[in-house]
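Chemist: Sharing a structure with you now.
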Amino acid sequence: MIVADKKPIDEVIETIKDYEKILLLGCNECVTVCEAGGKKEVEVLASALRMYFLNNGKKVSIEEKTLERQCDHEYLEEIRDVIDQYDAVLSLACGVGVQFTADKYLSTPVLPGVNTCFLGATEKRGVWTERCQACGKCILASTGGICPVSRCAKRVMNGPCGGSTNGKCELGPDTDCAWQLIINRLEAMGKMDEYEKLSPLKDWATDRAGGPRTVEREDIQS
Amino acid sequence: MRLEYPTNIKIVRVPCTGKVDVIHLLRSFEKGADGAYVVGCLEGSCQYNNGNFRARKRVEQAGEVLESIGIEKERVRMYNLSSGEGTLFAEYAREMDKIIRELGENPVKKAKRKMDAA
Ligand code: SF4
């Protein structure tokens with residue numbers, strides 16, 4: 001999923017302070033799972049903001065709504081009838097949701113309420129880790145299911161590098177060396193012969209460096 | 001027991017303190033409460049194992065939210081007691097009443113009154 005983190009409330013206040021009628025828009029997908037922008041977070045933030053502005057003698061109306069997704073036309077259409085009632089939308093969706101909402105409602109400011117961090121997994125409640133950088137050409141088949149693109153600081157393709165110590169990355173003792181993890185897993189699967197094979201040069205053309213990317217599937221387009 | 005505790009305290013009954021969420025505490029302040037406290041069972045004796053631990057975390061979270069918007073976090077509190085400890089219940093009620101009286105009125109309520117009058 002896409003992992004996001006809450007923005008500090010003073011930053012949010014600074015962003016919205018010039019508006020009077022604000023729609024706080026949550027998303028039921030990834031940001032709900034990582035407890036940054038779902039219905040509950042919308043409720044808490046809206047309540048806090050209402051109290052803050054009231055306390056500071058400013059009349060601000062903050063209404064709440066949480067959509068199934070903010071990255072799909074059909075759900076974003078649900079606010080078409082009401083969007084003109086607001087001076088601004090504070091979206092607690094990931095950057096995709098913020099932009100898609102902004103695209104659709106051209107004249108309404110759409111402001112981000114969370115920091116979108118990475119594609120990751122829930123290690124345990126309150127801890128999320130990065131697992132994928134969406135490089136566009138998955139190599140997990142040859143790396144024991146562990147991604148050196150997202151989990152190795154140097155994105156080494158034939159690792160480990162000389163900095164790997166006791167299974168930890170030279171970044172520090174809190175970071176596992178991705179290549180140690182790869183070796184451990186290949187060993188466990190009895191596939192160490194794969195480790196001996198040199199990885200070919202990775203084709204980075206599908207990565208972000210080539211500019212914004214598009215996936216097009218003619219077979220399913222209508 | 002015929003114990004007395006401050007009459008300004010309103011009791012909201014919940015099946016378990018684990019039911020109490022951050023938003024419930026915040027809403028009470030939005031609605032004008034001067035303070036809010038959660039009284040749960042003793043730690044380790046929750047019938048649902050960890051309801052009261054969850055409540056404690058949420059009380060802390062609510063306190064942090066309040067503090068971030070300039071309201072004293074001491075206005076929310078968590079207490080634990082067993083259902084047989086009526087005297088302690090009254091004691092905690094008096095203690096909370098004292099803390100809140102020292103802090104004074106909920107600033108949001110004051111601000112709302114001022115705004116409504118303007
Ligand atoms: S120590 Fe391991 S994870 Fe860290 S940069 Fe080197 S190969 Fe990558």
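The values are calculated or read from the model by the stated rules, or taken from the named source; none is laboratory data. From a predicted model like this one, the values you see are computed outputs, not experimental measurements. As a convention, Cβ positions derive from the backbone with ideal geometry for all residues, glycine included, and neighbour counts pool all protein chains shown. Side chains included, ligands, DNA and RNA excluded: accessible areas come from the protein's heavy atoms. Shrake-Rupley method; radii C 1.70, N 1.55, O 1.52, S 1.80 Å.
Chemist: Mind checking the per residue accessible area of chain A for me, 1.4 Å probe, whole number of Å²?
Modeler: It amounts to 57 Å² per residue over chain A.
Chemist: Remind me, relative contact order of chain A in percent, using alpha carbon pairs under 8 angstrom and six or more residues apart?
Modeler: On the way: 345 pairs, mean separation 38.1, N = 222.
Relative contact order comes out at 17 percent.
Chemist: Suppose we compare each residue of the stretch B:20-39 in its chain alone and in the full protein complex with a 1.4 Å probe; which ones drop by at least 30 Å² of accessible area?
Modeler: Output list: B:Asp21, B:Ile23, B:Leu26, B:Arg27, B:Glu30.
Chemist: If contacts are Cα pairs under 8 angstrom and at least 6 residues apart, what is the relative contact order of the stretch A:2-118 in percent?
Modeler: Answer for the stretch A:2-118 is 36 percent.
Chemist: If packing is taken as the average number of other Cβ atoms within 10 Å across a peptide's residues, how do A:41-49, A:214-222, A:75-83, B:4-12 rank, most packed first?
Modeler: Taking the mean over residues of other Cβ atoms within 10 Å, the ranking is A:41-49, A:75-83, B:4-12, A:214-222.
Chemist: Work from the charge dipole of the stretch B:36-118 (Cβ charges, +1 for Lys and Arg, -1 for Asp and Glu, about the Cα centre) and give the residue of B:Ser45, B:Asn80, B:Met115 farthest towards its positive end.
Modeler: The one lying farthest along the dipole's positive direction is B:Met115.
Chemist: Would you mind putting B:95-106, A:195-206, A:27-38 in packing order, based on average other-beta-carbon counts within 10 Å, highest first?
Modeler: A:27-38, B:95-106, A:195-206
Chemist: Roughly how big is the stretch A:135-203's charge dipole about its Cα centre, with Cβ charges of +1 (Lys, Arg) and -1 (Asp, Glu), in debye to the nearest 20?
Modeler: With Lys and Arg at +1 and Asp and Glu at -1, about 200 debye.
Chemist: In straight Cα distance, which lysines are under 29 Å from B:Lys98, not counting same-chain residues fewer than 8 positions off?
Modeler: Of all the lysines, those that pass the test against B:Lys98 - Cα under 29 Å, at least 8 places apart if same chain - are B:Lys10, B:Lys19, B:Lys31, B:Lys57, B:Lys73, B:Lys109, B:Lys110, B:Lys112, B:Lys114.
Chemist: Quick one: how many Å² of A:Lys21 are accessible to a 1.4 Å probe, rounded to 10?
Modeler: Approximately 70 Å² of A:Lys21 is accessible to the 1.4 Å probe.
Chemist: If you don't mind, there's one more thing I want to ask. Using the heavy atoms of the protein chains alone and a 1.4 angstrom probe, what is the accessible area of the stretch B:17-117 per residue in square angstrom?
Modeler: 55 Å²
Chemist: Okay, next question. How much of the accessible area of the protein assembly as shown, in percent, comes from carbon and sulfur atoms when a 1.4 Å probe is used?
Modeler: That share works out to 50 percent.
Chemist: In addition: Grab the Cα-Cα distance for A:Val127 and A:Glu187, subtract it from 0.36 nm times how many residues apart they are, and report the gain in nm with one decimal.
Modeler: Between A:Val127 and A:Glu187, full extension yields 18.8 nm more.
Chemist: Next question. Residues of the stretch A:25-41 losing 20 Å² or more of accessible area relative to the isolated chain, 1.4 Å probe, heavy atoms only?
Modeler: Those residues are A:Lys40.
Chemist: Pick out which of B:Arg54, B:Arg13, B:Arg27 has the largest mean-square fluctuation in a Gaussian network model of chain B, springs linking Cα atoms closer than 10 Å.
Modeler: Comparing B:Arg54, B:Arg13, B:Arg27 in a Gaussian network model of chain B, the most mobile one is B:Arg13.
Chemist: Over chain A, consider all pairs of different Cα atoms and compute the Kirkwood hydrodynamic radius from their mean reciprocal separation; express it in Å, one decimal.
Modeler: About 20.1 Å, per the Kirkwood formula over Cα pairs.
Chemist: For the stretch A:55-124 and the stretch B:93-118, what is the centre-to-centre distance using only Cα atoms, to the nearest Å?
Modeler: Result: 33 Å between the Cα centres.
Chemist: To continue, here is another question. Given Cα pairs under 8 Å that are at least 6 residues apart, what percent is the relative contact order of the stretch B:6-118?
Modeler: The value is 32 percent.
Chemist: From the phi of every residue in the stretch B:53-68, what ³J(HN,Hα) in whole Hz does the Karplus formula 6.51 cos²θ - 1.76 cosθ + 1.60 yield, where θ is phi - 60° and glycine or proline is x?
Modeler: Per-residue couplings from phi come out as 5, 4, 4, 4, 4, 5, 5, 4, 4, 4, x, 5, 4, 4, 4, 5 Hz.
Chemist: Can you give the accessible area buried between chains B and A, summed over both chains, with a 1.4 Å probe, in Å² to the nearest 100?
Modeler: 1500 Å²
Chemist: Just which residues of the stretch A:44-85 lose 20 Å² or more accessible area with every protein chain there, against their chain alone, with the probe set to 1.4 Å?
Modeler: Buried by the other chains: A:Val44, A:Ser47, A:Ala48, A:Arg50, A:Met51, A:Tyr52, A:Leu54, A:Asn55, A:Lys59.
Chemist: Roughly what would the spin-label model give for A:Glu77 and B:Arg113, points 7 Å off Cα along C-beta, in nm?
Modeler: 5.0 nm
Chemist: What is the local net charge at A:Gln85, summed over the other residues whose Cβ is closer than 10 Å to its Cβ (Lys, Arg +1; Asp, Glu -1)?
Modeler: Numbers: positive: A:Lys21; negative: A:Glu63, A:Asp81, A:Asp84, A:Asp87.
That sum, taken over residues with Cβ under 10 Å, equals -3.
Chemist: Next question, about the same structure. Once phi is turned into θ = phi - 60°, what whole-Hz ³J(HN,Hα) does the Karplus curve with 6.51, -1.76 and 1.60 give for every residue of the stretch B:71-76, x standing for Gly and Pro?
Modeler: These are the phi-based 3J(HN,Hα) values: 10, 4, 6, 5, 6, 10 Hz.
Chemist: How large is the helix-only mean residue ellipticity at 222 nm for the protein assembly as shown, computed as the sum of -39500 (n - 2.57) over DSSP H runs with n ≥ 4, divided by its residue count, in deg cm²/dmol to the nearest 500? Mind dumping the intermediate values first?
Modeler: Values: 12 runs with 119 residues, N = 340.
Rounded to the nearest 500, it is -10000 deg cm²/dmol.
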